[in-house]
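The values are calculated or read from the model by the stated rules, or taken from the named source; none is laboratory data. In this text the structure is predicted, and so the values were computed from the model without any measurement. No Cβ is skipped: glycine too gets one built from the backbone with ideal geometry, and neighbour counts run over all protein chains shown. Keep in mind that these areas ignore ligands, DNA and RNA; they rest on the heavy atoms of the full protein, side chains included. Shrake-Rupley method; radii C 1.70, N 1.55, O 1.52, S 1.80 Å.
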Amino acid sequence: MRRTGTITGEGIRLLGPDLAVLPPVLDRSILDPEQQRALEIFLGGEDALVHGGPGSGRTALALTAAELSGDGTLLLAPRRTAAGRLRDALAVHGGGQVRAMTPPALGHAIIRADALHRGLGEPTLVTGAEQDALLAELIGLRETWHLDVDPGARSLPGFRTELRDLITRATELGLTPAQLDALGRERGRPAWRDAAALLRDYLGVLDLEASAALDAGPRLDSGALVRRAARLLADPTVPPPFRAVVVDDAQDLTAAGIDLVAALASAGAKVLVCTCPDAAVDTFRGALPDAGDRLRDVLVRPLREIVLGGAHAQQEGLTAAVDSLRGRLPLAGAPAQSRRPRGTERAGLVALRAQDPLDEARLIGSALRDLHHREEVPYDEMAVVCRSGAAVADLADLLSRTGLPVRAPRRPQPLREVPAVADLMTILEIGLAPAGSPLDPRAAGELLRGPFGDADTLRLRRIRRLLLTAHRTAEPDSGITSEQLLARALVDAEVPGLPDPEARGRAAAPVHRVRAMIRAVREHRHDDAQQVLWHAWDASGLAGGWRRAALGDVGDVDGARARLASSRLDALLELFAAAERLTDRRPGAGAEDLIEQVRGQAVVEDTLAPAAAARGRIAVLTPAQLAGEHRDTVVLARLQEGAWPDLRLRS
């Protein structure tokens with residue numbers, strides 16, 4: 001890879017985006033005969049449904065068709081990362097006039113445009129964290145239940161997760177609370193009746209929140225956004241937003257997404273749908289692998305079907321192995337012709353048996369290092385795939401211990417569970433307390449040992465000894481303990497015996513840092529939440545140090561310090577984004593409201609912040625995170641019969 005970019009004053013090289021990872025936008029003449037036939041049908045004004053296995057060129061066809069169709073074309077992808085990748089590929093190739101979006105993003109754009117046209121408020125998205133907090137409150141208030149469940153179980157996060165999934169699926173299917181309740185009665189499912197009652201209360205609260213502000217629009221979750229947009233497109237007074245629609249990876253569309261595509265077609269757009277039921281990775285989010293079959297039934301015009309029989313992105317031996325596995329899967333509406341083998345002799349697969357996870361990490365590390373040094377395969381062209389996010393984090397840690405350069409997506413967790421955020425909320429709480437309020441010595445010690453204090457036990461013992469000596473000199477008969485004096489040192493204006501920040505080898509620097517943060521909160525306590533949060537963070541003076549640590553210090557051999565600093569900074573960025581959303585939704589909301597919101601959310605807040613991937617590292621990912629990308633070498637880790645793959649019916 002050519003080393004380009006800008007050098008900052010700190011000697012940091014800022015690299016531009018790696019264009020090699022983007023899918024290519026091919027010239028029409030390079031496409032194979034089946035792809036060209038599908039392209040001719042679509043550009044000729046007819047609707048087309050394209051089936052193809054992994055590596056058959058579905059995405060290449062979608063990109064070429066979208067680019068040639070030009071202005072007024074929508075390229076629809078089920079996942080945000082895939083839509084971003086397709087958008088970048090078109091922009092690099094000069095096809096920036098094509099819109100690449102996900103169904104929720106398209107739904108939001110359609111509803112927003114209609115609201116602006118009518119002079120109404122813009123819609124706002126209900127995040128998963130807000131939905132979970134609201135459901136927790138509604139569950140706690142509800143007294144009558146049809147499902148016989150222990151009351152303690154209803155307060156568990158797992159119960160709310162299942163309930164949230166059920167409500168989301170019902171919303172995507174367009175079911176009202178009354179219809180869901182009727183289904184529960186008809187099928188003898190008391191849980192559905194409870195969910196219907198909670199859904200009724202949930203929608204009522206959202207409507208109340210939307211009407212509370214004069215300029216507020218409807219508050220909708222992602223499924224409701226898509227469903228409402230599909231209903232809007234059925235209105236003949238609403239102008240059609242696009243004249244052509246290309247759908248990539250249709251197998252990962254939800255029921256609401258399918259109806260949205262059908263509504264776009266009914267509004268006059270010609271449609272090209274590319275699908276492969278065998279490659280569905282979002283079924284746990286409500287995706288329907290037979291989306292192509294369902295679209296065939298609901299589109300207003302007849303579909304011309306084409307099967308891609310090529311294998312452009314795989315070795316012949318791997319293609320034969322993949323096709324042999326595909327032959328054991330349900331067709332899910334795909335024609336039998338799509339299962340025709342594209343290769344004869346299997347090759348390119350190697351199986352390794354490990355005794356335990358540590359032995360597995362050693363075997364993987366040895367194999368990938370050998371490929372890198374002997375075959376000169378770049379680490380960027382390698383990926384390790386695990387079943388879940390927890391397995392990804394565990395295996396990435398083990399591989400890094402073997403000296404292998406790895407990168408894994410940061411596993412998000414609720415902000416209240418991140419130590420840096422939890423300590424910052426405690427500092428806000430202390431600063432907002434009335435003057436003279438005592439501080440618990442245990443809480444003070446935890447703050448000083450936490451991310452912002454960063455003091456060890458020996459340093460705190462030295463500070464306590466200095467404070468106690470000064471206090472006994474002034475008040476010999478006082479029975480106060482050194483722990484209480486340390487707690488007072490964080491909140492009192494005058495602290496006898498506390499050394500200056502630079503004195504005694506900066507021994508008291510942790511105390512002065514936390515004192516400064518608390519003082520900043522007190523001085524700006526009447527500002528909005530975003531401003532109070534910023535002043536507290538700015539008073540810490542840690543931004544530069546954490547940034548340098550995140551970029552990698554010389555002494556950080558295994559990268560542990562860089563990963564820790566990066567995770568802290570990522571969490572703080574999410575916290576500031578949450579504060580911004582809070583003040584936008586509730587102007588004048590203070591720091592107390594932010595504390596209440598963060599501590600009440602048990603689900604991860606979604607983020608739209610862009611993130612850059614480190615170069616020269618092996619990616620450790622889940623199947624959903626790797627979907628749509630290409631690698632020279634892929635390792636399937638932790639395969640275990642009955643665990644992964646798990647063929648039992650679930651959910």
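Descriptive notes on the structure:
- Cleavage-rule hits (chymotrypsin sites (Phe, Trp or Tyr not before Pro)) in the range 175-245: DSSP loop, at most 16 neighbouring Cβ within 10 angstrom: none
- Counting protein heavy atoms only, the range 370-461 has 46 percent of its accessible area on carbon and sulfur, 1.4 angstrom probe.
- In terms of packing, defined here as the mean over residues of other Cβ atoms within 10 angstrom, the peptides 55-64, 508-517, 231-240 line up highest first as 55-64, 508-517, 231-240.
- The alpha carbon gyration tensor of the range 318-461 gives principal lengths a ≥ b ≥ c with a/c of 1.5 or higher and a/b greater than b/c, which makes the shape prolate.
- Overall form of the range 76-121 per C-alpha gyration tensor (a/c, 1.5; a/b vs b/c): oblate
- Fraction of accessible area attributable to carbon and sulfur, the range 66-175 (%, probe 1.4 Å): 55
- Shape class for the range 232-273: oblate, because the ratio a/c of the largest to smallest gyration tensor axis (alpha-carbon atoms, square roots of eigenvalues) is 1.5 or more and b/c is at least a/b.
- Net +/- balance of residues flanking E316 in space, Cβ distance below 15 Å, scoring K and R +1, D and E -1: +1
- What the chain shows is 52 Å² of accessible area per residue, with the surface traced by a 1.4 Å probe over protein heavy atoms.
- Whole-Hz ³J(HN,Hα) from phi, Karplus 6.51 cos²θ - 1.76 cosθ + 1.60, for the range 449-463, glycine and proline x: 8, x, x, 7, x, 6, 10, 8, 5, 5, 5, 5, 5, 5, 5
- Separation of the range 115-188 from the range 534-554 is 40 Å, based on Cα centroids.
- Sparse-neighbour loop sites [trypsin sites (Lys or Arg not before Pro); the range 244-352; at most 14 other C-beta within 10 Å; DSSP]: R328
- Each peptide among 371-384, 529-542 gets the average number of other Cβ atoms lying within 10 Å of its residues, and from highest to lowest they stand as 529-542, 371-384.
- Charge context of A520, other residues only, Cβ under 13 angstrom, K/R +1, D/E -1: +2
- Positive dipole terminus of the chain, leading residue within A614, T469, T64 (C-beta point charges): A614
- Listed peptides 433-440, 88-95 by packing density, highest first (mean Cβ within 10 Å): 88-95, 433-440
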